[in-house]
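Report on the structure given below.
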Amino acid sequence: MRKIFTCLVVAYGATCLPASAADLILRPSLQPAPYRQAPAAAAYWTGPYAGVGGGFSWSDARGTLSGLGSDDTDFDGANATLFAGYNRQMGNIVVGLEGDASYSWGKRSFPTGLGFDYDLGSDWSGSLRGRLGYSAGNALFYVTGGAAVANVYARTHNISVSDTLFGYTVGAGLDYAFTDNVFGRLEYRYTGYPDQDAVDDLASLAGVDAKIKMHNHAVKAGIGVKF
């Protein structure tokens, strides 16, 4: 009996072994799925934002007095800026509206011949502009243009004469998103203030017509927060 069972077990194992081996060959081995990193989400620019910046501007002004001719003056200096706006993104296209206010340290001093100097310059300006941009991942390339306003002044001791000029501004720049809410900015702008009447009251007292025009080039860098 023992020999019979031994023979049966051996015979059964012999017949099953090839089938088991075939199963092992045909059965696919389990392999871990390859790791694929999810692509980084593109910056989404829709929404309000605000920021601060600074840079340098190169300004030139021409003043004209009737009967006395005209004179050019340049005054360059650093500036600081606050800006705020709203963007709307449609695919890769971004449109927006932005306003800014700047303070400039650009001025030039001239001797009066009376033992003291007077300063000529422009210390504040602002603009309201439209923006049109193209979003490429975290980078937003844009052009901008709109209305501009600034002052121009002459000051000495406790005497100050100033006027407000109105003009236009155009430029281009790059916003780059560091996080979902924080972005950096680099921008160039040209601003022009065409011929316009200046210091009307003082000119009337002097019996002359006074006109002034001004333009400047500015390069600025800044950082903003998207809300």
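The values are calculated or read from the model by the stated rules, or taken from the named source; none is laboratory data. No experiment lies behind these values; they were computed from the predicted model shown. We work out accessible area using only protein heavy atoms, side chains counted, and drop any ligands, DNA or RNA first. Shrake-Rupley method; radii C 1.70, N 1.55, O 1.52, S 1.80 Å.
Solvent-accessible surface of region 73-227, taken per residue with a 1.4 Å probe and all protein chains present: 52 Å². Counting heavy atoms of the protein chains alone, Asp195 has an accessible area of about 100 Å² for a 1.4 Å probe.
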